[in-house]
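Peer 1: Below is one structure. I have some questions about it.
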Amino acid sequence: MKFLIISHVEHKLNGKTISAYAPYVREMNIWLKHVDEVHIVAPKISEKKNAIDLDYKHNNLNFKEVSSLEFTSIKKAFLSIYKIPLIIITLFKACKRADHIHLRCPGNIGLLGCLVQIFFPHKLKTAKYAGNWDPKAKQPWSYKFQKRLLSNTFLTKKITVLVYGDWKNQSKNIKPFFTATYSDNEKEPLKNRNYSKLLKFVFIGSLVKGKRPLLAIKIVEALYKKGKNIQLDIYGEGILKEELQQYMVNNKLEGFVKILGNKEKEIIKKTLKSAHFLILPSKSEGWPKAIAEAMFFGVIPISTSMSCVPHMLDNGKRGILIESELEKAVYKIENSLNDIEQLKLMSNNALKWSQNYTLETFEVEIMKLLKV
């Protein structure tokens with residue numbers, strides 16, 4: 001089988017290896033175990049591989065570079081529009097050669113892929129929509145357009161669209177799905193945590209506005225000022241790093257808040273085994289891996305109610321759902337911290353639920369989609 005991946009994810013070519021963002025590649029490598037030939041059409045960057053990158057694993061791997069598209073300024077928009085015809089031609093040729101077309105959405109390259117695939121109605125296709133599929137979510141027009149096109153069974157044929165969450169009134173090609181990080185052999189029984197002493201909070205994610213890392217810091221700061229014995233370790237990099245560090249200095253938070261940068265999977269795994277809470281007050285998510293990974297080890301997630309998160313947290317039985325307003329979030333968390341028995345139950349519920357979604361279970365479902 002000739003398997004084609006169309007993606008906006010930036011790739012790095014290092015000698016004979018091709019790498020990209022590790023969680024994405026880790027997932028794709030499971031797909032690639034069951035295909036003969038792999039073709040990737042995606043943007044390329046010249047940066048060196050770092051701690052959050054991973055190599056593709058396949059003996060017959062082919063990469064075709066296309067330009068990334070940006071519309072953040074008038075100049076970039078004009079340049080991107082100029083590039084689109086060549087990208088479409090590249091995508092068309094790649095789709096013509098492929099036996100199975102796999103689209104990664106939402107994204108600008110994925111959007112063009114959604115358009116090109118219309119001309120190949122008889123080819124088997126899958127699309128992974130990694131963003132928020134909630135029909136009521138406020139999103140850019142390009143995201144809404146991709147969702148409508150993927151749901152249109154007249155224009156988009158022989159496709160299974162994998163989405164996070166089980167939403168009402170969806171077309172027959174929309175399939176609720178999940179993702180996984182850990183294997184069956186990494187399952188561990190619930191660790192008894194002490195919720196009456198030092199409470200370890202972790203934030204795992206990019207330091208960007210959409211993830212709201214500053215709000216996470218302010219929540220922990222407010223709880224600390226209310227007398228809670230608490231610490232927050234932040235794992236991630238991003239454009240807000242300096243701003244966050246300055247806020248910590250200005251407010252004298254360095255004693256209990258630390259920014260630790262990007263770390264390898266094993267370090268994150270070790271951290272989660274001892275943490276009490278993961279805090280992720282994002283504006284939007286698809287299936288937040290950080291939450292599912294934390295729950296796998298009994299860490300209680302604290303998150304805003306968006307996308308499929310209420311389902312993941314069973315509307316508060318497997319975690320704490322908060323609002324994005326600081327005072328309300330602190331009030332909700334503080335009340336939860338006062339009920340230790342409920343916290344233990346949440347931790348147990350979180351672990352039991354997340355450990356259903358292992359890499360082995362994921363691979364079985366992928367094989368069904370590939371019809372192997």
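Any read-out appearing in this document is the output of simple, stated calculations on the displayed coordinates, not a laboratory observation. Remember, predicted model here, so these are calculated numbers, not experimental data. Every residue, glycine among them, receives a Cβ derived from its backbone with ideal geometry; neighbour counts consider all protein chains shown.
Peer 1: On a 0 to 90° scale, report how tilted helix 213-225 is relative to the longest principal axis of the chain, with both axes built from alpha carbons and the result rounded to the nearest 10.
Peer 2: Roughly 10 degrees between the two axes.
Peer 1: Add -39500 (n - 2.57) for each DSSP H run of 4 or more in the chain, then divide by its residues: what number comes out at 222 nm, to the nearest 500 deg cm²/dmol?
Peer 2: The per-residue figure over the chain is -11500 deg cm²/dmol.
Peer 1: Which distance in Å, rounded to a whole number, links the C-alpha centroids of segment 258-321 and segment 341-372?
Peer 2: The two parts, judged by their Cα centres, are 14 Å apart.
Peer 1: Here's something else I'd like to know. Give me the angle, in degrees from 0 to 90, between the Cα long axis of helix 326-337 and the longest principal axis of the Cα atoms of the chain, rounded to the nearest 10.
Peer 2: So the inclination is approximately 70 degrees.
Peer 1: A follow-up question, please. Taking only C-alpha pairs under 8 Å that are 6+ residues apart, what is the relative contact order of segment 185-354 in percent?
Peer 2: Answer for segment 185-354 is 25 percent.
Peer 1: Right, next: Which of Leu223, Leu351, Ser73 sits farthest toward the positive end of the charge dipole of the chain, with +1 on the Cβ of Lys and Arg and -1 on the Cβ of Asp and Glu?
Peer 2: After comparing all options, I get Ser73.
Peer 1: Defining a contact as two alpha carbons under 8 Å apart and six or more residues distant in sequence, what relative contact order in percent does segment 1-127 show?
Peer 2: Once normalised by length, the contact order is 31 percent.
Peer 1: Determine the dipole magnitude for the chain: charges of +1 sit on the beta-carbon of Lys and Arg, -1 on that of Asp and Glu, nothing else is charged, the reference point is the Cα centre, and the result goes in debye to the nearest 20.
Peer 2: Here the size comes out at about 780 debye.
Peer 1: Using only the alpha-carbon atoms, how far is helix 74-97 inclined from the longest principal axis of the chain? Give it as 0 to 90 degrees, nearest 10.
Peer 2: With rounding to tens, the tilt is 60 degrees.
Peer 1: A further question on this structure: Quick one: which of 359-368, 68-77, 38-47, 319-328 comes out on top by average Cβ neighbours within 10 Å, and what's the full order, highest first?
Peer 2: 38-47, 319-328, 359-368, 68-77
Peer 1: Calculate log10 I(q)/I(0) of segment 185-354 for q = 0.15, 0.18, 0.19 Å⁻¹, where I(q) comes from the Debye formula with a single equal point scatterer on each Cα and nothing for solvent.
Peer 2: Taking Cα atoms of segment 185-354 as identical point scatterers yields -0.77, -1.16, -1.31.
Peer 1: State the Cα centre-to-centre distance between segment 9-58 and segment 181-246 in whole Å.
Peer 2: Value for the Cα centre distance between the two parts: 29 Å.
Peer 1: Place a +1 charge on the Cβ of each Lys and Arg in segment 281-336 and a -1 charge on the Cβ of each Asp and Glu, then give the dipole magnitude about the Cα centre in debye, rounded to the nearest 20.
Peer 2: Its charge dipole is roughly 140 debye.
Peer 1: Over 26 Å between C-alpha atoms is what I'm after, so list which of Lys16/Lys125; Lys263/Lys283; Lys168/Lys328; Lys252/Lys328; Lys125/Lys317; Lys270/Lys352 land there.
Peer 2: Listed pairs above 26 Å: Lys16/Lys125; Lys168/Lys328; Lys125/Lys317.
Peer 1: Which order results if Val257, Val9 are arranged by neighbouring Cβ count within 10 Å, fewest first?
Peer 2: Val9, Val257
Peer 1: Something else now. Relative contact order (percent) for the chain, with alpha-carbon contacts under 8 angstrom and 6 or more residues of separation?
Peer 2: 14
Peer 1: A further question follows. Treat the count of other C-beta atoms within 10 Å as a stand-in for reagent exposure and order Lys317, Lys263 from fewest to most.
Peer 2: Ascending number of Cβ neighbours within 10 Å: Lys317, Lys263.
Peer 1: Could you list Met312, Met1 in order of exposure, starting from the residue whose Cβ has the fewest other Cβ atoms within 10 Å?
Peer 2: Details: Met312 25, Met1 14.
The fewest-first ordering by Cβ neighbours comes to Met1, Met312.
Peer 1: Express as a percent, rounded to the nearest 5, the fraction of DSSP beta bridges in segment 1-93 (both residues included) that run antiparallel. Kindly include the intermediate steps, with their values, before the conclusion.
Peer 2: On the way: 6 of 18 bridges.
The antiparallel proportion sits near 35 percent.
Peer 1: Moving to a separate point now. Taking the Cα centre of segment 185-354 as origin and charging only Cβ (+1 Lys, Arg; -1 Asp, Glu), how large is the dipole, in debye to the nearest 20?
Peer 2: The calculation lands at about 300 debye.
Peer 1: Compute the length gained on full extension between Trp141 and Lys197: take 0.36 nm times their separation in residues and subtract their Cα-Cα distance, giving the result in nm to one decimal.
Peer 2: Here the segment from Trp141 to Lys197 would lengthen by 15.4 nm.
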